[in-house]
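Read-outs throughout are calculated quantities, based only on the coordinates presented, and are distinct from any laboratory measurement. Given the structure is predicted, the values throughout are model-derived calculations rather than measurements. Methodologically, a virtual Cβ is constructed for each residue, glycine included, from the backbone with ideal geometry; neighbour enumeration extends over all protein chains shown.
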């Protein structure tokens, strides 16, 4: 894997899910650190709504109290504006398990195209309102970034990828992580789509603690 020897290496673990809108914002913010560091992200995929049907369901069935949901959406709109993105109104949510398994398999076997798939999954769901719980949609997204059909099939068939999701859940519980996105810099957890300035502070502290 290419590394930029002119930049300080920075390692961070990120717990996230492709159907979490704050994870999308968090992803955009974290990417800004690439201009300053040789950033290496250990993606720890967490399925936040495992009971959602893959065909999708209305957002209101998630069961959030209306006042709380309005507050969340107001915060999301503000963050999206800060990052210069327009998030169309969504009316549905879906199941992310197939997407998470696919992303994990691509990370392991086709790392060179993972960045493209990672972005494509977020954009398909949040910008273009596609159902990334649908296997056909995922096959098209994978093909568009150069992932072979055989690897897609392998991701969904091999029990290893189910095990990885379970391992991520256990690791999150041990770290006290209860939501997404969550970032782990040198064993310190930062929860939520935190501002870029706070990410920079976390990065600096992580590097300071890792130095002999």
Mean Cβ neighbour count within 10 Å, used as a protection proxy, ranking 174-181, 10-17 highest first: 10-17, 174-181
Share antiparallel - DSSP beta bridges, the chain, percent rounded to 5: 50
Descending principal axes extents, the stretch 1-100, alpha-carbon based, whole Å: 49, 30, 19
Square roots of five times the Cα gyration tensor eigenvalues for the stretch 58-181, Å: 27, 19, 14
Peptide ranges 92-103, 63-74, 162-173 listed from the most packed, as the mean C-beta count within 10 angstrom indicates: 92-103, 162-173, 63-74
Residue 31 versus residue 92: modelled label distance in nm, points set 7 Å from Cα along the beta carbon direction: 2.5
Whole-number percent relative contact order across the chain, with pairs defined as alpha carbons under 8 Å at least 6 apart: 29
Share of Cα-Cα pairs in the chain lying beyond 32 Å, as whole percent: 15
Quarter of the Cα convex hull surface for the stretch 99-157, i.e. its orientation-mean projected area (nm²): 3.4
FRET efficiency, 1/(1 + (r/R0)^6) with R0 45 Å, evaluated for residue 67 and residue 153 via beta carbons: 0.50
